[in-house]
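Undergrad: Structure in structure tokens, see below.
We did not get these values from a lab; they are worked out from the coordinates using the rules stated. Treat the numbers as computed from the prediction; the structure is a model and nothing was measured. Here the Cβ positions follow ideal geometry from the backbone for every residue, glycine too, while neighbour counts run over all protein chains shown.
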Protein chains: 2
Amino acid sequence: MALIVQKFGGTSVASTERIKNVARRVARWKAQGHDIIVVPSAMSGETNRLLGLAREISENADPRELDVIASTGEQVTIGLLAMAIQEQGYKAKSYTGSQVRVLTDSTFTKARILKIDDERIRADLDQGYVVVVAGFQGADADGNITTLGRGGSDTSAVALAAALNADECQIYTDVDGVYTTDPRIVPEARKLDTITFEEMLEMASLGSKVLQIRSVEFAGKYKVKLRVLSSFEDEGEGTLITVEENKPMEQPIISGIAFARDEAKLTVLGVPDRPGIAYQILGPVADAKIDVDMIIQNVGHDGTTDFSFTVARADYNKTLGVLESVKAHIGAREIVGDKHICKVSAVGVGMRSHPGVASSMFRALAEEGINIKMISTSEIKISVVIDEKYLELAVRTLHKVFGLDKED
Amino acid sequence: MALIVQKFGGTSVASTERIKNVARRVARWKAQGHDIIVVPSAMSGETNRLLGLAREISENADPRELDVIASTGEQVTIGLLAMAIQEQGYKAKSYTGSQVRVLTDSTFTKARILKIDDERIRADLDQGYVVVVAGFQGADADGNITTLGRGGSDTSAVALAAALNADECQIYTDVDGVYTTDPRIVPEARKLDTITFEEMLEMASLGSKVLQIRSVEFAGKYKVKLRVLSSFEDEGEGTLITVEENKPMEQPIISGIAFARDEAKLTVLGVPDRPGIAYQILGPVADAKIDVDMIIQNVGHDGTTDFSFTVARADYNKTLGVLESVKAHIGAREIVGDKHICKVSAVGVGMRSHPGVASSMFRALAEEGINIKMISTSEIKISVVIDEKYLELAVRTLHKVFGLDKED
């Protein structure tokens with residue numbers, strides 16, 4: 001007898017047949033006596049179709065009107081899904097984000113949730129309804145329709161789970177859980193039964209695209225029990241994303257190997273080693289709306305230092321242009337870069353209590369003849385930048401070295 | 001410097017190109033200094049697509065959820081149209097029915113408008129915005145999304161014009177006005193410059209499908225100046241629908257010849273001529289959700305009478321079944337019917353002050369050898385039921401007899 005929030009992505013509701021499948025799955029949970037809130041995305045392809053229409057009208061569309069249009073995708077799904085659940089013999093009722101209401105700020109196309117009124121939903125649950133709430137959307141204080149940005153349905157589900165103090169928030173996706181690494185690169189990759197929020201955040205930001213980062217942050221902050229499950233398989237417990245204390249005693253040191261392709265590295269050589277230099281370099285880059293990932297500055301000598309950072313490869317030329325334009329002003333000697341790099345990371349809360357993880361990692365890569373170009377560490381992650389051609393080899397090597405290949 | 005409500009139907013906004021055309025037309029009115037409220041329908045085909053999805057889920061869909069789904073069609077159009085007007089260089093803002101708000105009763109799929117809050121719209125108009133409001137939809141007192149039923153966008157436009165005391169409500173359609181009769185039958189048919197609400201009601205209910213009847217009733221009740229215009233031609237004043245006092249002095253006796261195909265006639269012969277017999281016959285017909293059009297009962301003799309009425313031809317067999325089942329109970333002698341009839345009507349407020357219209361009509365039909373099977377009259381309309389094969393001949397004959405062929 002639990003309160004469960006279930007989120008189904010666009011591929012899970014891509015056709016009326018699939019919506020009926022989702023309804024059958026919801027009905028099975030309901031039949032076990034649980035209270036269920038369902039949060040579907042738009043049917044896959046629908047959001048792109050709608051934004052395509054908008055682009056035909058305007059290349060530089062008003063974000064307020066974009067949200068009016070884009071929010072209809074989920075609105076269609078909630079109506080269809082509520083009907084499909086009714087066909088399974090259960091009471092069901094749909095709500096848009098405005099109706100519930102999901103109060104957001106007014107940052108159209110990427111609004112943030114401020115508050116959710118739980119009154120209507122609780123009243124409906126008490127009367128035995130399955131409540132179907134549109135993901136991805138809300139309304140600001142003036143009643144304008146807002147959307148949370150791509151992938152925002154995950155965040156909607158977690159926010160609803162937090163607001164209603166749900167026992168679990170289940171995210172149904174086209175994978176059956178979170179893996180130790182990408183099984184396309186390492187066939188021996190294993191599904192994790194549990195992973196901590198911190199690890200999940202590092203995995204997600206490093207390229208494992210199972211969950212939207214914001215939803216994981218949200219879940220961690222509000223202590224929402226989050227589970228990733230397959231929407232196409234009926235069996236399996238998926239992966240539970242937990243707060244650290246709930247992890248089993250004998251946890252592995254490393255939980256997974258994440259990686260990011262399509263990165264590029266830039267280095268500003270011989271800049272004066274004085275306060276404020278990092279800001280002088282990265283300020284113009286941020287102004288140009290370029291996202292910076294790793295940032296490294298080494299100890300200087302002779303009063304100068306070298307400053308390196310990575311960006312998405314698509315931003316490489318633009319970044320180079322920005323740096324060249326400020327080169328003289330900051331007194332740098334030279335700008336150099338490399339477009340053919342990638343990033344590989346070992347992630348695990350266990351490394352906090354296990355010294356020597358970094359050196360094991362560096363030795364293993366050295367033994368395979370892989371040169372490390374940059375290193376960056378956090379409490380639960382060690383990342384290296386290497387030549388992109390070594391990506392698969394490095395991932396396989398580290399997966400094995402840290403014992404992730406083994407059976408449970 | 002007027003306040004004008006402009007309604008554009010589904011074919012006028014069927015593509016992004018057509019939406020841009022509508023925006024250009026709106027911009028021309030705005031450029032003349034007018035305040036403009038635009039009420040678009042869904043892109044043509046969209047409502048059917050949405051209801052088709054719903055049908056794939058359920059044959060007997062929950063009307064509340066149907067409205068959640070169907071209302072998205074107009075929501076997409078308002079966003080696109082607001083953007084397109086912005087591209088023309090004017091400020092524009094869209095509102096759904098819930099947002100405005102258009103308060104309706106809770107009769108999902110065919111709700112009635114109770115009240116419109118004009119506060120937000122007025123504030124926007126004062127700031128120079130073109131306000132784009134979704135037709136066809138509203139919300140009930142609990143915030144549930146409702147729709148007004150097919151063609152409800154006309155009603156939305158008229159209701160907005162009434163609530164805001166607009167100077168004119170313009171209905172853009174794929175015809176350029178109201179004609180004396182269908183030009184496909186009578187090439188000499190003329191566009192009317194003006195027509196009264198009463199005439200329009202009689203014309204509409206008799207088969208001229210230019211405007212939704214409810215919107216005309218609404219406009220008459222609230223004295224909204226209503227104009228029908230072509231959305232595809234830039235020239236032309238269309239047809240103004242007026243209250244009678246505004247008609248020119250020398251108005252024609254007959255304004256138009258309307259007709260309805262696909263009718264069927266049923267007669268209950270030899271029923272006892274006693275109070276309550278009409279209800280005993282038509283009560284079961286109404287219970288079977290069959291719409292009855294003309295009803296005729298003649299003076300009886302020998303204590304019995306004959307009772308006739310017409311229905312849509314598609315309802316003929318069903319109606320016959322209902323009558324056979326009550327035949328014994330009401331003590332009728334026989335049920336007879338005719339599936340091959342049509343109805344032709346002369347409509348005009350002028351006939352009130354001109355006796356002899358009926359006899360001119362009957363003589364003209366007799367001279368063409370057309371046998372009249374039923375007659376029904378109102379203050380401004382004379383309808384006859386005739387064999388369907390004479391429909392075109394009767395319409396052409398009456399159009400000529402009443403001087404509608406002539407040039408102005």
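Undergrad: Taking every pair of alpha-carbon atoms in region B:96-152, what share in percent sits in each 10 Å bin, from 0 to the bin with the longest distance?
TA: 28, 49, 21, 3
Undergrad: Take the residue pairs A:K191/A:K339; A:K318/A:K389; A:K115/A:K318; B:K223/B:K373 and return only those whose Cα atoms are more than 28 Å apart.
TA: A:K191/A:K339; A:K115/A:K318; B:K223/B:K373
Undergrad: Sticking with this structure for a sec: As I understand it, the value is the acute angle between the Cα axis of helix B:391-401 and the longest principal axis of the Cα atoms of chain B; what does it come to in degrees, rounded to 10?
TA: The helix B:391-401 is inclined about 80 degrees to chain B.
Undergrad: Restricting to DSSP H runs of at least four residues, report the calculated mean residue ellipticity at 222 nm for chain A, -39500 (n - 2.57) per run over all residues, nearest 500 deg cm²/dmol.
TA: Using -39500 (n - 2.57) per qualifying helix, the result is -10500 deg cm²/dmol.
Undergrad: Sort A:S12, B:S58, A:S71, B:S325 so the one with the fewest other Cβ atoms within 10 Å of its own Cβ comes first.
TA: B:S325, B:S58, A:S12, A:S71
Undergrad: Equivalent ellipsoid semi-axes for chain B, as square roots of 5 times the alpha carbon gyration tensor eigenvalues: give them largest first, rounded to whole Å.
TA: Square roots of five times the eigenvalues give 41, 28, 18 Å.
Undergrad: Moving on to the next point. In percent, how large is the relative contact order of region B:234-370, given Cα pairs closer than 8 Å and 6 or more residues apart?
TA: 38
Undergrad: May I pose another question? Angle, helix B:152-163 long axis vs. longest principal axis of chain B, Cα atoms, 0 to 90°, nearest 10?
TA: 70
Undergrad: Against the longest principal axis of chain B, how steep is helix B:316-330, in degrees 0 to 90 to the nearest 10, with axes from Cα atoms?
TA: Approximately 50 degrees, to the nearest 10.
Undergrad: So, one more: If I model a spin label at A:S378 and B:R184 as a point 7 Å from the Cα along the Cα→Cβ vector, what separation in nanometres do I get?
TA: The two pseudo-label positions are separated by 6.8 nm.
Undergrad: Now for a separate question. Can you give the convex hull volume of the alpha carbon atoms of the protein assembly as shown per residue, in Å³?
TA: 206
Undergrad: Across region A:257-401, how large is the tail of the calculated P(r) beyond 17 Å, expressed as a percent of all Cα pairs?
TA: Percent of Cα pairs beyond 17 Å in region A:257-401: 62.
Undergrad: Which Cα, out of B:A157, B:S308, B:V395, lies furthest along the positive dipole direction of chain B (beta carbon charges, K/R +1, D/E -1)?
TA: Positive-most Cα among the choices belongs to B:A157.
Undergrad: Which whole number of Å³ per residue matches the convex hull of the alpha-carbon atoms in region B:268-318?
TA: Taking the convex hull of the Cα positions in region B:268-318, it is 70 Å³ per residue.
Undergrad: To one decimal in nm, how far is B:R274 from the same spot in the other copies, if labels go 7 Å from Cα toward Cβ? Please give the shortest first.
TA: 11.4
Undergrad: For labels at A:D174 and A:A141 in the simple 7 Å Cα→Cβ model, what's the distance in nm?
TA: 4.1
Undergrad: Shortest first and in nm to one decimal, what separations exist between A:G128 and its copies in the other chains, measuring from label points 7 Å along the Cα-to-beta-carbon line?
TA: Its label point is 5.8 nm from the equivalent points in the other copies.
Undergrad: Nearest beta-carbon of B to the rotation axis carrying it onto A: which residue, how many whole Å?
TA: Taking Cβ atoms only, the nearest residue and its distance are B:T72, 2.
Undergrad: Defining the label point at 7 Å along Cα→Cβ, can you sort the distances from A:N371 to the same site in each other copy, shortest first, in nm?
TA: Computed spacing set for this position: 10.5 nm.
Undergrad: So, R0 is 45 Å and r is the distance between the beta-carbons of B:M1 and B:N371; what FRET efficiency does that work out to, to 0.05?
TA: E(calc), rounded to 0.05, equals 0.20.
Undergrad: When the convex hull of the Cα atoms of region A:27-80 is projected onto a plane and the area is averaged over all directions, what value comes out in nm²?
TA: 4.6
Undergrad: For region A:3-174, what's the relative contact order in percent, using C-alpha pairs closer than 8 Å and at least 6 residues apart?
TA: 30
Undergrad: Within the P(r) computed for region A:49-110, what percentage of the Cα pairs occupies the region above 15 Å?
TA: Everything past 15 Å amounts to 60 percent.
Undergrad: Oh, and also: Evaluate the charge dipole of region A:3-174 about its Cα centre and quote only its size in Debye, nearest 20, assuming +1 on the Cβ of each Lys and Arg and -1 on the Cβ of each Asp and Glu.
TA: 500
Undergrad: In addition: Among B:A61, B:L50, B:A2, which residue has its Cα furthest toward the positive end of the charge dipole of region B:1-95, with +1 on Lys/Arg Cβ and -1 on Asp/Glu Cβ?
TA: The one lying farthest along the dipole's positive direction is B:A2.
Undergrad: May I pose another question? Cut-off 10 angstrom, C-alpha nodes, Gaussian network model of chain B. Which of B:D67, B:D182, B:D273 fluctuates the most?
TA: Fluctuation is largest for B:D273.
Undergrad: Sticking with this structure for a sec: Among A:V130, A:Q88, A:S71, pick out the residue whose Cα is farthest towards the positive end of the charge dipole of region A:3-174, where Lys and Arg carry +1 and Asp and Glu carry -1 on C-beta, about the Cα centre.
TA: Most positive-ward Cα: A:Q88.
Undergrad: Need one number: convex hull volume per residue for region B:106-216, Cα atoms only, in Å³.
TA: 127
Undergrad: At 0.36 nm per residue, and after removing the present C-alpha to C-alpha distance, how many nm does the segment from B:D287 to B:K318 gain when stretched out fully?
TA: Between B:D287 and B:K318, full extension yields an extra 10.0 nm.
Undergrad: For region A:257-401, what is the charge dipole size about the Cα centre, in debye to the nearest 20, if Lys and Arg each add +1 at the Cβ and Asp and Glu each add -1 at the Cβ?
TA: 260
Undergrad: Quick one: divide the alpha-carbon radius of gyration of region B:3-174 by 2.2 N^0.38 Å and tell me what you get.
TA: 0.98
Undergrad: Could you put A:C169, A:C342 in order, starting from the residue whose Cβ has the fewest other Cβ atoms within 10 Å?
TA: A:C342, A:C169
Undergrad: Mind giving me the nanometre distance, one decimal, between the label points for B:R352 and A:R28, set 7 Å out from Cα along Cα→Cβ?
TA: 7.0
Undergrad: Can you give the relative contact order of chain B as a percent, counting alpha carbon pairs under 8 Å and 6+ residues apart?
TA: 13
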